[in-house]
Amino acid sequence: MINFTYYGDLLGVGSYYNLSPVVAQLKLNEFYNETFNTLKSFVVQNDKNTIEMFSDSLFVVGVDPFEGLKLLGLLHANLIKKDILLRGAMVCGKLEFEPHVTIKNFSKRLPKNDILAKAAGLEKSHKGARLLIENSLVEKLMMKCPSWLTNSGYFRTKDDNPPHHKLLRKIAPTPDYQSYEYLYYWIDEIQGCEFKNRIKHLLKIASLQESPGKEHYQATAMLIERCEARYTETNIGFIMKTA
């Protein structure tokens with residue numbers, strides 16, 4: 001059992017409020033509804049898992065990072081299709097709070113450890129709608145396939161099938177090699193042309209904005225490019241192996 005904590009928040013909510021509180025409320029409603037529909041099975045199947053949403057923030061604490069990545073990756077992909085950019089980070093450890101004496105209508109939520117600080121710091125370290133993963137957590141997940149900790153190692157040994165290989169194939173170093181990210185837009189039913197269509201769509205939206213929204217959409221488009229590259233490389237390997 002590996003405890004994990006995920007922290008994510010929506011990008012661009014402040015800009016929506018600048019336009020209109022109604023616009024912001026509509027976006028937040030979409031975010032809440034999609035999150036509930038996608039992640040509800042996570043808490044139903046295991047009462048040790050918890051999910052909390054507050055304003056534009058999402059907290060997920062669980063005991064199985066593989067299941068967490070599967071559902072959180074699906075959530076990120078579903079939100080992208082609605083032009084909702086969620087940026088989040090998963091770190092090793094369980095978010096817990098110190099017990100404190102309180103009174104009615106006075107809550108105190110003091111974290112026991114630095115888990116929240118690590119997740120929030122990692123989340124803010126890159127632009128775009130990313131699902132970042134702490135390095136030490138990736139090392140634990142990749143114990144059966146350490147060569148996959150680098151892109152070159154993955155390309156050399158991609159025909160291996162370690163446990164949870166379908167999920168592990170989607171974990172790759174960030175381009176700056178400072179951390180790891182989950183290539184969530186590579187989903188089972190996707191077609192090759194959908195990558196290019198999504199990239200084109202994101203760049204079109206980026207062209208109509210100024211910073212920082214412009215950079216977030218551009219960075220998200222680049223993420224989709226990396227998803228396509230890993231998807232294509234993997235499928236070519238499988239086709240050559242079965243030919």
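A short reminder: the numbers here are calculations on the coordinates, not readings from a lab. These figures come from a predicted structure and were not determined experimentally. Cβ atoms come from the backbone with ideal geometry, glycine included; neighbour counts cover every protein chain shown.
Annotation: aspartates and glutamates with alpha-carbon distance below 13 angstrom to Lys27 (same-chain offsets under eight excluded): Asp9, Asp56, Asp83. The aspartates and glutamates whose alpha-carbon is closer than 12 Å to the alpha-carbon of Lys200, local same-chain residues fewer than 8 away aside, are Glu225. Which entries of Lys82/Lys214; Lys127/Lys158; Lys82/Lys204 show an alpha-carbon separation above 23 angstrom in the structure shown? In this structure, Lys127/Lys158 exceed 23 Å between Cα atoms.
Counting beta carbons within 10 Å around each of Val91, Val63 and listing the fewest first gives the order Val63, Val91. The amide H of Asn113, built 1.01 Å from its N in the peptide plane, has Glu96 as neighbours under 5 Å, considering only residues 5 or more places off or on other chains.
Size descriptor for region 136-243, Kirkwood hydrodynamic radius: 15.0 Å (Cα pairs only, one decimal).
Fewest-first ordering of Tyr7, Tyr154, Tyr177 by other beta carbons within 10 Å of each residue's beta carbon gives Tyr177, Tyr154, Tyr7. Based on the inverse mean of 1/r over its pairs of different Cα atoms, what is the Kirkwood hydrodynamic radius of the chain, in Å? Its Kirkwood hydrodynamic radius stands at 18.9 Å.
Using 0.36 nm per residue and subtracting the Cα-Cα separation, the extra length available between Met143 and Glu30 on full extension is 36.9 nm.
Farthest toward the positive end of the dipole of region 4-191, out of Leu10, His100, Leu69, is the Cα of His100, where the dipole comes from beta carbon charges about the Cα centre.
When Rg and Dmax are taken over the Cα atoms of region 1-46, they come to 14.3, 45 Å. Report summary: the helix-based calculation at 222 nm, which adds -39500 (n - 2.57) for every DSSP H run with n ≥ 4 and divides by the residues of the chain, gives -15500 deg cm²/dmol.
The distance linking region 136-189 with region 58-92 is 16 Å (Cα centroid to Cα centroid, whole angstrom). Among Thr102, Thr38, sorting on how many other beta-carbon atoms sit within 10 Å of each Cβ, with the fewest leading, yields Thr102, Thr38.
Distant-in-sequence amide contacts of Ile190, defined by a placed amide H-H separation under 5 Å and a gap of 5 or more residues or a different chain, comprise nothing.
Per residue, the average separation of C-alpha pairs within less than 8 Å and at least 6 apart gives the chain a relative contact order of 19 percent.
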